[in-house]
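Below you'll find the structure, written out as structure tokens, and then a few comments.
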Amino acid sequence: MSGAVDLSALKDRPQAPPAGQGAPAAGGSTSGLTPVVEVTEETFEAEVLERSMQVPVLVYLWSPRSDASVVFGDELEPLAAEGDGTWVLAKVDVDSNMRIAQAFGVQGIPTVVAVAGGQPLADFQGVQPVDQVRGWLGQVLAATAGKLTGPPPGEGAEPEPEDPRFVAAEDALAEGDLDGAEAAYQVILDAEPTNKEALAALRQVRFLARVQTVAPDAVATAAAEPTNVDAQLAAADALLYTQQPEDAFGLLIDAIKRYAGDDKTAVRTRLLELFELFDPADPIVVSARRKLASALY
């Protein structure tokens, strides 16, 4: 914008509602911010100045006497919904809020002013093609990236209700009842075979149950008995349980190189089970998979 814009006169109004709690004009967002708000002089400080410390606020100055500005405002609202809380559209009826219009020096309707950090950043006047506005908005977001605090996570959002089936499983796990936790997760999988959360939890529980029987000297035993398949499997579990995944994977890969037939299959199967306890993209798993491929072929 050319010249300075003095918004201080709009900060001496009565206390406004908390930011984000003004009268909404449309929808909500997963961030908890209302993407479109109707702003008055009383709510300007909270909904524009304070909110612009978190995300850019596009102040839309319009008049119900201008059909074009009414229609253009309706076209901007879906853009705000698409933004999902990354910016807010603040609609100002200039006929009812002349002080806001005067502060921005409005000379034509409609006018859009991007405010960030409590200061005007960019503006345009008149109706524009939506795609052109989207590009302009992208530049505003790029210019403010990393310079604002961002919306408070989940502000105003209703918490998702807990799944009682998972609650039962987690309660059993918290009480040390691994059998009960396993059974609870299995119930979920019986009903929903593709439930990834339950499947991952079940694998973890089964690993925890198995590692309870591993002897304290399992790693030493495996080193002393390299031909003992069960000793290698137990040692790998012990290493993984003590947060040494690279060593656990390496031990089994070395065993695969030594073994053949059913023994080799058993070790490979266990190694793949251990991989499943991790994110497939984990660098440690990716590296171990490459080493396994080399050992097999």
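The values are calculated or read from the model by the stated rules, or taken from the named source; none is laboratory data. Owing to the predicted nature of the structure, the values given are computational and were not obtained by experimental measurement. Cβ placement follows ideal geometry from the backbone for every residue including glycine, while neighbour counts extend to all protein chains displayed. To get the accessible areas, we keep the full protein, side chains included, count just its heavy atoms, and leave off ligands, DNA and RNA. Shrake-Rupley method; radii C 1.70, N 1.55, O 1.52, S 1.80 Å.
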Report summary line: Inverse of <1/r> over all distinct C-alpha pairs of the stretch 103-212, i.e. the Kirkwood Rh in Å, gives 19.1
Report task. Find the accessible area per residue for the chain; the probe is 1.4 Å, ligands and nucleic acids are left out, and the unit is Å². Result -> 53
Query raised in the report: Which percent, nearest 5, of DSSP beta bridges in the chain are antiparallel?
Result: 60
**Report entry** D_trans [Stokes-Einstein, Kirkwood Rh over alpha-carbon pairs] for the chain, 4 °C, 1.567 mPa s, µm² s⁻¹
**Finding:** 54
Query raised in the report: Which distance in Å, rounded to a whole number, links the C-alpha centroids of the stretch 231-276 and the stretch 190-229?
Result: 10
Requested in this report: Just need the Rg to Rh number for the stretch 34-80, please, alpha carbons only, Kirkwood Rh.
Outcome: 0.99
Query raised in the report: Using Cα pairs under 8 angstrom and six or more residues apart, how large is the relative contact order of the chain, in percent?
Result: 13
Report summary line: Whole-percent carbon and sulfur contribution to the accessible surface of the chain (1.4 Å, no ligands, DNA or RNA) stands at 53
Report task. Averaging sequence separations of C-alpha pairs under 8 Å and six or more residues apart, then dividing by the length of the stretch 33-184, give the relative contact order as a whole percent. Result -> 27
Requested in this report: Give me the number: length gained by fully extending D84 to Q125, i.e. 0.36 nm times residue separation minus the C-alpha to C-alpha distance, one decimal in nm.
Outcome: 12.3 nm
Report task. List the longest stretch of the chain that has no exposed loop site; here a site is one of the trypsin sites (Lys or Arg not before Pro) assigned by DSSP to anything other than H, G, I, E or B, with at most 11 other Cβ within 10 Å. Result -> 148-297
Report summary line: Whole-number value, in Å³ per residue, for the convex hull of the alpha carbons of the stretch 196-264 is 101
Query raised in the report: Restricting attention to the stretch 51-156, which GluC sites (Glu not before Pro) occupy a DSSP loop and are surrounded by at most 15 other Cβ atoms within 10 Å?
Result: none
Query raised in the report: Number of Lys-Lys pairs in the chain under 27 Å by Cα, sequence gap 8 or more or different chains?
Result: 6
Query raised in the report: Which distance in nm do the two modelled labels at D247 and D171 give, with both placed 7 Å along the Cα-to-Cβ direction?
Result: 3.9
